[in-house]
Structures are given as structure tokens and as C-alpha cells.
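Okay, so here's the structure we're looking at.
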Amino acid sequence: MNKQEFLEALRQKLAGLPQEDRDERLNFYSEMIDDRMEEGLSEEEAVADVGSVDDVVTQIISDTPLSKLVKEKVKPKRRLRVWEIVLIVAGAPIWLSLLLAGAAVAFSLYLTLWSLIAALWAVDFALAMSFLYGCVSAVVFAVRGYGFSALATLGAGLFSAGAAVFLFFGCVAAAKGVVRLTKRIVLGIKSLFIRKEGSK
Amino acid sequence: MDIQLKRGLLDVCVLAAIKNEDSYGYQIIKELKPYIKLSESTLYTILKRLETAEMLTVRTAEHNGRLRKYYHITESGRARLEDFRREWDEIMSIYRYVTKEENNE
């Protein structure tokens, strides 16, 4: 890939950024490539050294606040006509409530994920508690002379302890997974705003 | 390395790279290469952040028939470096204390 192709690909994928930001980014990468070529690298090597277009774009998207991407996206390309403004305002009870409903559904789905995690931790906690309970009741049974019952509750308690330790790792892994998922969702939402117009 | 820690260190590293004379993007990356890994995109973000915080200023100058941006450290940039030095003097004395305990055992 030569410099021109690299910059053009970058320009298209960054179509969702405000013009000024995008030009500044492109100038920055252009300078970086030129400086490498000046040092003796070939054009292709210099471009490869800067990184792949997709990596660069991903990094830029995660650096850019979502509000900026949304603002650029909804900014009208021309002045709105009067009837369009009337329509938007008059239609607000419909589109606004639909938009809110959509956002609420998405949010509750996300919340469900976290409640699952909370439930997992609760189960883990309950298992740990039943280990304690098993030990205490085993002692009580033993003192009163019920040998078999003491053994049985102690065994059940130990089983719970084992299950609790085992589940603990599962809980940690699940929580980490949701955190990772959150990052990907945020990145996905952002690229939704930045990419759509790239093809025009 | 811890991400928050690395982020703070990168800011200071970039300031240190321009503390003696004005420098440009690729020069900064080359200068820091032996110490800390820094990609183009990360550098851009840091430079932008430092510029907004008025720790450096940017000027554009012609070089070999094209434009190149040079970065110049400001007084508050130098103050940031001085803060860093003082902070780390403290951290290093704690470090020496912690490792000394280990040796005695």
C-alpha cells in the first residue's frame, strides 16, 4: 500500500469525524510517513511501519468521545426547511418515545447481564455460608452423640466449600467477560456513527 | 505495566523528549523507543492532551518542501516535569525502604 492509498483509506473510514479533526489526523500520519521515507525507508515500508488502517481507525474511534461522533452525525448538511422543522417538532411525541423505548430496552438487556453476575456471586456466597453452617451443625451433632449426622453435615459442608471455590473462579471470569463485552459494545456503537457515511 | 501508570508516564516522557529542544512527531517516537512503546495514534492523543493542557505549543514549519509540526514545551510543561521528579524522589525512597526489608530476611 502506498502513502496515497493509505491516507485515502483512512479518510474514508474517518468520514464520521468533523472535517477539521480528520484533516489534522491525516496531516499527522502523512508527516509520519514522509519522515520515515526521509530516513531511507521505501514508501511501502514506511506505510507498513505506521500500522494497519484498521488498527489506526480503531484507536482513533476509542479516543474520540461519543458525543462528538453523534454531534457530527446529526449535524444537517444543509439548512433545514421550515416544513422539516415543523415535522420534527410535531413528530417528537412519536420518534422521541420510540427512541427512548429502544434505549430503555437496550439498557435493561445490559442490566440483565449484570444481574446474572450478581446472582452468580450470591450463589457463591450461599455455598460459602453453607460450609460454615455445615461445620457448626456437625459440631453440635457430635456433641449430642449423633455421629452419622455429624459426618453427613460435615461432608455436605465440605462439598459446599469445594463448590464455592470452584464457582469463585467462574464468577471472576464471568465479570471480566462482561467488562470486556462492555468495551466492545461502546466501540461498536461509536463505529456505527463513524462508518455509515464512509461509502458515499 | 499498569495502564494508568503507563498513561501518566507517557505524558511525562513526551514532555521530556521536547524539554531541551523543539521536536517533531517521528523524532519523539524514535527518542522514546528504547524506553517505552509508543504508537503513532497514542502519540497523537498525548500531544493533543498536552496541547489542551497548555503544557506545549505547536508551530508548523517548512521542511524539505513540506510542512512539519514542531512541539515546544511551555513553563507549565516544565513544572509538570519538576512535579514528576519530586513525586518520584518520594516513590524511590519508599522503593528503597521496601526492598531493604526484603534483603534483611
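Look at the dipole of the range A:3-64 built from charges on Cβ: of A:Ser52, A:Leu17, A:Leu7, the Cα furthest out on the positive end belongs to A:Leu17. Between the residues A:Val179, A:Gly147, A:Leu192, the greatest Cα displacement towards the positive end of the dipole of the range A:106-199, with unit charges on the Cβ of Lys, Arg, Asp and Glu, is found for A:Leu192.
For the residues A:Val89, A:Val178, A:Val56, a GNM of chain A with alpha-carbon springs under 10 Å puts the largest fluctuation on A:Val89. Cross-link list A:Lys3/A:Lys71; A:Lys3/A:Lys68; A:Lys13/B:Lys48; B:Lys30/B:Lys69; A:Lys73/B:Lys6; B:Lys30/B:Lys100: which exceed 24 angstrom alpha carbon to alpha carbon? Check vs 24 Å cut-off fails for A:Lys3/A:Lys71; A:Lys3/A:Lys68; A:Lys73/B:Lys6; B:Lys30/B:Lys100.
Rounded to the nearest 20 debye, the dipole magnitude of chain A is 1500 debye, with +1 charges on Lys and Arg beta carbons, -1 on Asp and Glu beta carbons, and the Cα centre as origin. Of the residues A:Lys75, A:Lys190, A:Lys176, which exhibits the maximal mean-square fluctuation in a Gaussian network model of chain A defined by a 10 Å Cα contact cut-off? The residue that fluctuates most here is A:Lys75.
Assuming charge only on the beta carbon of Lys and Arg (+1) and of Asp and Glu (-1), the dipole of the range B:3-104 about its Cα centre is about 400 debye to the nearest 20.
Calculated mean residue ellipticity, 222 nm, chain A: -29500 deg cm²/dmol, from DSSP H runs (n ≥ 4) at -39500 (n - 2.57) each, averaged per residue and rounded to 500. From largest to smallest, the equivalent ellipsoid semi-axes obtained for the range A:3-64 from the alpha-carbon gyration tensor read 21, 11, 10 Å.
Once you charge only the Cβ atoms, +1 for Lys and Arg and -1 for Asp and Glu, what is the size of the charge dipole of the range A:3-64 about its Cα centre, to the nearest 20 debye?
Dipole of the range A:3-64, to the nearest 20 debye: 320 debye.
Peptide B:38-45: average number of partner chain Cβ atoms within 10 Å per residue?
6
Only the coordinates and a few stated rules stand behind these numbers; no lab work does. Computed from a predicted structure; not experimentally measured. Reconstructed Cβ throughout: ideal geometry from the backbone, glycine too, with neighbour counts over all protein chains shown.
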